[in-house]
1. Would you mind classifying the stretch 78-191 by shape? Square roots of the alpha carbon gyration tensor eigenvalues, ordered a ≥ b ≥ c; an a/c under 1.5 is rounded, otherwise it is prolate if a/b is larger than b/c and oblate if not.
2. If you count only protein heavy atoms and use a 1.4 Å probe, how large is the accessible surface of residue 141, to the nearest 10 Å²?
3. How long is the chain along each principal axis, judged by its Cα atoms, biggest number first, in Å?
4. Which ³J(HN,Hα) values in Hz, rounded to whole numbers, follow from the phi angles of the stretch 130-137 under the Karplus curve 6.51 cos²θ - 1.76 cosθ + 1.60, where θ = phi - 60° and Gly and Pro get x?
5. Could you rank 52, 157 by how accessible they are, 1.4 Å probe, largest area first?
6. Can you tell me which of 115-123, 32-40 comes out highest on packing, and rank the rest after it, using the mean Cβ neighbours within 10 Å?
7. Relative to the longest principal axis of the chain, what angle (0 to 90°, nearest 10) does the C-alpha long axis of helix 82-112 take?
8. With +1 on the Cβ of every Lys and Arg and -1 on the Cβ of every Asp and Glu, and nothing else charged, how large is the dipole of the chain about its Cα centre, in debye rounded to the nearest 20?
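The values are calculated or read from the model by the stated rules, or taken from the named source; none is laboratory data. Because the structure is predicted, anything quoted here is derived from the model rather than measured. Don't worry about glycine lacking a Cβ; one is built from the backbone with ideal geometry, like all the others, and counts go over all protein chains shown. Protein only, heavy atoms only, side chains kept; ligands, DNA and RNA dropped before computing areas. Shrake-Rupley method; radii C 1.70, N 1.55, O 1.52, S 1.80 Å.
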Amino acid sequence: MVEAAPDRSRPVPGILTFIAADIANFILFFGYFMVERMAQPALFARSAALLDIRLGLLNTLILITSGWQVTLAVEGARTGHMPKVRRHLLCAIAVGLCFGVVKGIEYATKIAQGLTPRTDAFFTFYYVFTGIHLLHYAIGIALLVATFARARADRADPGFIDWTISCALFWHMVDLLWIFLFAMLYLQGAR
(Lines give C-alpha, C1' and ligand atoms only; values in the text may rest on other atoms or scores of the structure.)
Protein backbone atom coordinates (compact mmCIF):
# COMPACT_ATOMS: atom_id res chain seq x y z
CA MET A 1 0.00 0.00 0.00
CA VAL A 2 1.35 3.40 -0.97
CA GLU A 3 1.31 5.99 1.74
CA ALA A 4 0.01 9.29 0.41
CA ALA A 5 2.28 12.24 0.81
CA PRO A 6 0.53 15.24 2.29
CA ASP A 7 -0.36 17.77 -0.38
CA ARG A 8 1.77 20.71 0.69
CA SER A 9 2.19 21.97 -2.86
CA ARG A 10 1.77 25.66 -3.45
CA PRO A 11 1.62 27.86 -6.50
CA VAL A 12 4.98 28.20 -8.17
CA PRO A 13 5.39 31.92 -8.86
CA GLY A 14 8.55 31.60 -10.97
CA ILE A 15 6.93 29.42 -13.62
CA LEU A 16 3.73 31.45 -13.53
CA THR A 17 5.71 34.64 -14.16
CA PHE A 18 7.59 33.00 -17.04
CA ILE A 19 4.37 31.69 -18.58
CA ALA A 20 2.66 35.09 -18.28
CA ALA A 21 5.61 36.82 -19.96
CA ASP A 22 5.83 34.18 -22.68
CA ILE A 23 2.12 34.37 -23.44
CA ALA A 24 2.33 38.18 -23.50
CA ASN A 25 5.02 37.87 -26.21
CA PHE A 26 2.86 35.48 -28.20
CA ILE A 27 -0.10 37.86 -27.92
CA LEU A 28 2.06 40.56 -29.51
CA PHE A 29 3.15 38.14 -32.27
CA PHE A 30 -0.45 37.08 -32.87
CA GLY A 31 -1.52 40.73 -33.04
CA TYR A 32 1.10 41.43 -35.69
CA PHE A 33 -0.07 38.36 -37.61
CA MET A 34 -3.67 39.61 -37.53
CA VAL A 35 -2.65 43.07 -38.80
CA GLU A 36 -0.80 41.46 -41.72
CA ARG A 37 -3.68 39.08 -42.35
CA MET A 38 -6.14 41.99 -42.58
CA ALA A 39 -3.80 43.75 -45.01
CA GLN A 40 -3.52 40.66 -47.27
CA PRO A 41 -6.65 38.53 -46.72
CA ALA A 42 -6.62 36.77 -50.11
CA LEU A 43 -2.95 35.79 -49.86
CA PHE A 44 -3.33 34.52 -46.30
CA ALA A 45 -6.46 32.50 -47.18
CA ARG A 46 -4.84 31.04 -50.29
CA SER A 47 -1.66 30.09 -48.41
CA ALA A 48 -3.50 28.72 -45.38
CA ALA A 49 -5.46 26.45 -47.72
CA LEU A 50 -2.14 24.78 -48.61
CA LEU A 51 -1.72 23.51 -45.04
CA ASP A 52 -2.94 20.01 -44.23
CA ILE A 53 -5.67 20.58 -41.65
CA ARG A 54 -5.65 16.85 -40.83
CA LEU A 55 -2.03 17.04 -39.65
CA GLY A 56 -2.79 20.18 -37.64
CA LEU A 57 -5.79 18.48 -36.04
CA LEU A 58 -3.78 15.33 -35.35
CA ASN A 59 -1.12 17.39 -33.58
CA THR A 60 -3.84 19.16 -31.59
CA LEU A 61 -5.22 15.82 -30.41
CA ILE A 62 -1.71 14.57 -29.63
CA LEU A 63 -0.92 17.54 -27.40
CA ILE A 64 -4.30 17.47 -25.65
CA THR A 65 -3.88 13.74 -24.95
CA SER A 66 -0.34 14.25 -23.69
CA GLY A 67 -1.53 17.14 -21.51
CA TRP A 68 -4.24 14.91 -20.02
CA GLN A 69 -1.58 12.33 -19.13
CA VAL A 70 0.52 15.05 -17.47
CA THR A 71 -2.51 16.09 -15.41
CA LEU A 72 -2.92 12.50 -14.24
CA ALA A 73 0.79 12.43 -13.32
CA VAL A 74 0.34 15.56 -11.20
CA GLU A 75 -2.59 13.91 -9.47
CA GLY A 76 -0.37 10.91 -8.76
CA ALA A 77 2.35 13.17 -7.33
CA ARG A 78 -0.14 14.94 -5.08
CA THR A 79 -1.40 11.64 -3.69
CA GLY A 80 2.10 10.16 -3.38
CA HIS A 81 1.43 7.35 -5.84
CA MET A 82 4.77 7.30 -7.66
CA PRO A 83 4.02 4.33 -9.97
CA LYS A 84 1.05 6.34 -11.29
CA VAL A 85 3.33 9.36 -11.79
CA ARG A 86 5.83 7.31 -13.77
CA ARG A 87 3.17 5.53 -15.84
CA HIS A 88 1.39 8.74 -16.85
CA LEU A 89 4.60 10.66 -17.50
CA LEU A 90 5.82 7.86 -19.74
CA CYS A 91 2.52 7.99 -21.66
CA ALA A 92 2.72 11.80 -21.88
CA ILE A 93 6.25 11.63 -23.28
CA ALA A 94 5.46 8.82 -25.74
CA VAL A 95 2.33 10.54 -27.05
CA GLY A 96 4.03 13.95 -26.99
CA LEU A 97 6.92 12.69 -29.12
CA CYS A 98 4.41 11.95 -31.86
CA PHE A 99 3.86 15.71 -32.21
CA GLY A 100 7.48 16.19 -33.28
CA VAL A 101 7.22 13.34 -35.78
CA VAL A 102 4.06 14.77 -37.35
CA LYS A 103 5.53 18.28 -37.43
CA GLY A 104 8.70 16.93 -39.08
CA ILE A 105 6.62 15.17 -41.74
CA GLU A 106 4.64 18.35 -42.30
CA TYR A 107 7.76 20.51 -42.62
CA ALA A 108 9.38 18.04 -45.03
CA THR A 109 6.24 17.91 -47.17
CA LYS A 110 5.90 21.70 -47.31
CA ILE A 111 9.56 22.22 -48.18
CA ALA A 112 9.35 19.51 -50.89
CA GLN A 113 6.40 21.44 -52.33
CA GLY A 114 8.55 24.57 -52.44
CA LEU A 115 6.72 26.23 -49.53
CA THR A 116 9.42 27.85 -47.41
CA PRO A 117 9.63 30.91 -45.17
CA ARG A 118 10.45 32.91 -48.30
CA THR A 119 7.29 31.87 -50.18
CA ASP A 120 5.13 34.70 -48.81
CA ALA A 121 4.19 36.53 -45.60
CA PHE A 122 1.86 33.76 -44.46
CA PHE A 123 4.54 31.08 -44.70
CA THR A 124 7.05 33.34 -42.97
CA PHE A 125 4.63 33.55 -40.05
CA TYR A 126 3.89 29.82 -40.29
CA TYR A 127 7.52 28.77 -40.00
CA VAL A 128 8.43 31.38 -37.36
CA PHE A 129 5.42 30.63 -35.14
CA THR A 130 5.55 26.86 -35.48
CA GLY A 131 9.34 26.95 -35.10
CA ILE A 132 9.11 28.95 -31.85
CA HIS A 133 6.39 26.58 -30.70
CA LEU A 134 8.58 23.60 -31.61
CA LEU A 135 11.34 25.04 -29.40
CA HIS A 136 8.86 25.31 -26.50
CA TYR A 137 7.70 21.77 -27.26
CA ALA A 138 11.29 20.45 -27.13
CA ILE A 139 11.88 22.19 -23.79
CA GLY A 140 8.60 20.73 -22.53
CA ILE A 141 9.57 17.20 -23.56
CA ALA A 142 12.95 17.65 -21.84
CA LEU A 143 11.16 18.79 -18.66
CA LEU A 144 8.85 15.77 -18.78
CA VAL A 145 11.84 13.44 -19.20
CA ALA A 146 13.60 15.15 -16.27
CA THR A 147 10.43 14.77 -14.18
CA PHE A 148 10.23 11.09 -15.08
CA ALA A 149 13.86 10.66 -14.03
CA ARG A 150 13.10 12.35 -10.68
CA ALA A 151 10.04 10.13 -10.17
CA ARG A 152 12.14 7.07 -9.30
CA ALA A 153 11.75 7.72 -5.57
CA ASP A 154 9.19 5.79 -3.55
CA ARG A 155 7.59 8.96 -2.20
CA ALA A 156 6.82 12.39 -3.59
CA ASP A 157 8.38 15.09 -1.46
CA PRO A 158 6.99 18.66 -1.63
CA GLY A 159 9.88 19.75 -3.88
CA PHE A 160 9.03 17.02 -6.36
CA ILE A 161 5.35 17.94 -6.28
CA ASP A 162 6.17 21.62 -6.97
CA TRP A 163 8.56 20.61 -9.76
CA THR A 164 5.92 18.37 -11.34
CA ILE A 165 3.28 21.10 -11.16
CA SER A 166 5.70 23.62 -12.72
CA CYS A 167 6.53 21.25 -15.58
CA ALA A 168 2.83 20.50 -16.07
CA LEU A 169 2.02 24.21 -16.26
CA PHE A 170 4.72 24.67 -18.90
CA TRP A 171 3.43 21.68 -20.89
CA HIS A 172 -0.13 23.01 -20.74
CA MET A 173 1.14 26.35 -22.06
CA VAL A 174 2.61 24.43 -25.02
CA ASP A 175 -0.83 22.85 -25.55
CA LEU A 176 -2.61 26.19 -25.34
CA LEU A 177 -0.23 27.93 -27.74
CA TRP A 178 -0.70 25.13 -30.27
CA ILE A 179 -4.50 25.43 -30.05
CA PHE A 180 -4.20 29.14 -30.93
CA LEU A 181 -1.73 28.37 -33.74
CA PHE A 182 -4.01 25.67 -35.11
CA ALA A 183 -6.93 28.09 -35.21
CA MET A 184 -4.91 30.98 -36.67
CA LEU A 185 -2.96 29.06 -39.28
CA TYR A 186 -4.92 25.95 -40.23
CA LEU A 187 -8.57 26.79 -39.71
CA GLN A 188 -8.56 30.02 -41.70
CA GLY A 189 -7.82 28.00 -44.84
CA ALA A 190 -10.39 25.25 -44.09
CA ARG A 191 -13.02 24.69 -46.73
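1. prolate
2. Looks like 20 Å² after rounding.
3. On the principal axes, the chain reaches 61, 30, 24 Å in Cα extent.
4. Those phi angles translate into 5, x, 5, 5, 4, 5, 4, 4 Hz.
5. Putting 52, 157 in descending order of accessible area: 157, 52.
6. In descending order of packing, they fall as 115-123, 32-40.
7. Tilt relative to the chain: about 10 degrees.
8. Dipole about the Cα centre, nearest 20: 260 debye.
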